[in-house]
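Following: one structure in structure tokens, then a few remarks.
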Amino acid sequence: MNDNVLIKVEGLKKHYKGGAIKALDGIDMEIRQGEVVVIIGPSGSGKSTFLRSLNLLEYPTEGHIYIDGADITNPKVNLNRHRQKMGMVFQHFNLFPHMTILGNMTLAPIKLLKMPKKEAEQMAMELLERVGLGDRAAAYPGQLSGGQKQRIAIVRALCMKPEVLLFDEPTSALDPEMVGEVLDVMKELAKDGMTMVVVTHEMGFAREVGSRVVFMADGMVVEENDPQTLFTNPQSPRLQDFLAKVL
Amino acid sequence: MGAWFEGFKANAGAWFEDFKATFQLNFIDDDRYMYLVNGLKNTLIITVFAALLGIALGIIVASVRTTFDKNEESMRMRNKGLYIVMKIANTVCKVYLTVIRGTPVVVQLMIMYFIIMASSTNSVLIAVLAFGINSGAYVAEIFRGGIMSIDNGQFEAGRSLGFSYFRTMYHIVVPQVIKNVLPALLNECIALLKETSVAGYVSIQDLTKGGDIIRGRTYSAFMPLIMVALIYLIVVVVLTWLVGKVERRLKVSER
Ligand SMILES: Nc1ncnc2c1ncn2[C@@H]1O[C@H](COP(=O)(O)OP(=O)(O)OP(=O)(O)O)[C@@H](O)[C@H]1O
Ligand SMILES: [Mg+2]
């Protein structure tokens, strides 16, 4: 792993209702190239808000987010250009129901990267093969299982050749028997050196794949460490309490 | 039995003779059917062009309303100037919707005829404007409802891939919206066709007025009115059949 900082977060705050709700209350973080940062924490602790702030699906009330050194909270920065570099995988997949799987995957590369259709489709097919869905290219999202949809959502994001992938509870909406197939794809990606920020309740995944685990509570980072240390030797009472409940 | 049938035949015969005579009087004499033909022509012209104007207005108003609602925060944070312009445009649209949907279409038509366009003699144009502006409010709400019914995750998926708001709308949202709103849109056109029957209030010779003129000439109410109703009914039934066909076609392509 090198020391290339990809994302740098400074004093990030997100308040709702004029400050009555502090979803994020001052977060500082650096995410380096090739890191898999796993974010855990109780419901309502601000995990989703933090992740969605990273590509400005939520607009921070205060603070700065630097991607490749550019402050995307600066209104003059071309946000769409930066979002292209950050893939996002949602809990509910958000595939486009009116397009085939191939259409879902090639839309953005063709329209935004100006990739020739042939080339985009070839790339999409290769990715589909890799996640074992090469035979579903012509299917529509409605014809797939949840696990298949999520694997498609992951490779759709990969088609933009992103520098980092953001996952917001990618397996929470899945039937238990489908969780494994999605986690396997994510593990593959991690092995290939993809930079990932993953919000999840899958502690096994955090332990096995995470290069760093961040524990959030009340909109703040309470504790962070390598998974081994964090899970076996939690320092703060909040984390001890949380781990006692989920493990 | 035989006598009853003879009586019936005589009665039916008399009734038929009577029917023929009134038909002759109301539609054939002095080429009175032309009132209906020309009236139907005006009704269709007004409906078609008012529908087109309504759809154009509806798209504009729905775009402003939803663009503002969906981007309020990002505009306020990243582009103050645009935010102010859009807020004003949004308010104008809201006032338009409230006023148009809160007043009767006949009153709007009369205001258009006697006040706004008082100097114009092109009454069909006046009707197109009045009914088009009226229909635009309802069409706008159909489109807006269609856009707002699309899961926000679709917008977020588009934006996270790097599409701008407008390209997200164009490539991802609008194709889904059109499928959803097409039946409602065609129903609005059918409603519009029937609504234009009040055009006679400002001396536009539409289908209803055509029947009314015949009634004034022949002093018989039954035949012209039933004929007018029948013609509306036929046009509406044909259009409704079309809506059903479109709906079925959309269902087939749905997955
Ligand atoms: N649009 C909003 N308006 C008001 N409050 C909000 C909004 N979005 C989030 N919040 C609040 O911000 C806090 C953090 O929410 P967030 O969704 O980030 O939590 P989370 O850690 O992802 O929880 P979960 O594990 O349930 O997904 C919560 O208290 C939530 O109620
Ligand atoms: Mg969440």
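The values are calculated or read from the model by the stated rules, or taken from the named source; none is laboratory data. Quick caveat, the model's predicted, so the values are computed rather than measured. Note that each Cβ is placed from the backbone with ideal geometry, even for glycine, and that neighbours are counted across all protein chains shown. When the accessible area is computed, the model is the full protein with side chains, heavy atoms only, and any ligands, DNA or RNA have been set aside. Shrake-Rupley method; radii C 1.70, N 1.55, O 1.52, S 1.80 Å.
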Residues within the stretch A:110-145 that are in contact (Cβ under 8 Å) with a residue 12 or more places away in the chain, away from chain B (no Cβ under 14 Å) and open to solvent by 70 Å² or more (accessible area, probe 1.4 Å), tallied = 1
Leading residue by the ranking (farthest from ligand 2 (Cβ to nearest atom)) among those in the stretch A:41-56 that are crowded, with 20+ Cβ neighbours inside 10 Å and not small (Gly, Ala, Ser) = A:Leu56
Wholly enclosed helices (runs of 4 or more DSSP H) of the stretch A:66-130 bearing at least 2 residues more than 25 Å from B:Pro175 (Cα to Cα) and at pLDDT 95 or above = A:117-130
message = Looking only at residues that are buried (at least 19 other Cβ atoms within 10 Å of the Cβ) and away from ligand 2 (no atom under 16 Å from the Cβ) in the stretch A:164-178, which one is farthest from the chain's Cα centre (by Cα)?
response = A:Val164
key: Residue that is nearest to the chain's Cα centre (by Cα) [pool: residues in the stretch B:144-166 that are in a helix (DSSP H, G or I) and facing another protein chain (nearest Cβ under 7 Å)]   = B:Gln154
key: Residue list for the stretch A:131-141, filter: outside any loop (DSSP other than H, G, I, E, B) and within 22 Å of B:Ile172 (Cα to Cα)   = A:Arg136, A:Pro141
message = Going through B:Ala56, B:Ala50 one at a time, which residue ends up being in contact (Cβ under 8 Å) with a residue 40 or more places away in the chain and touching a Leu at 6+ places or on another chain (Cβ under 9 Å)?
response = B:Ala50
ask   = Can you tell me how many residues in the stretch A:23-50 are within 8 Å of ligand 1 (Cβ to nearest atom) and either away from chain B (no Cβ under 14 Å) or within 21 Å of A:Leu230 (Cβ to Cβ) (or both)?
value = 10
key: Out of A:Phe167, A:Phe205, sole residue that is within 30 Å of A:Asp25 (Cα to Cα) and more than 15 Å from ligand 1 (Cβ to nearest atom)   = A:Phe205
ask   = How many residues does the stretch B:72-90 hold that are open to solvent by less than 30 Å² (accessible area, probe 1.4 Å) and at pLDDT below 95?
value = 2
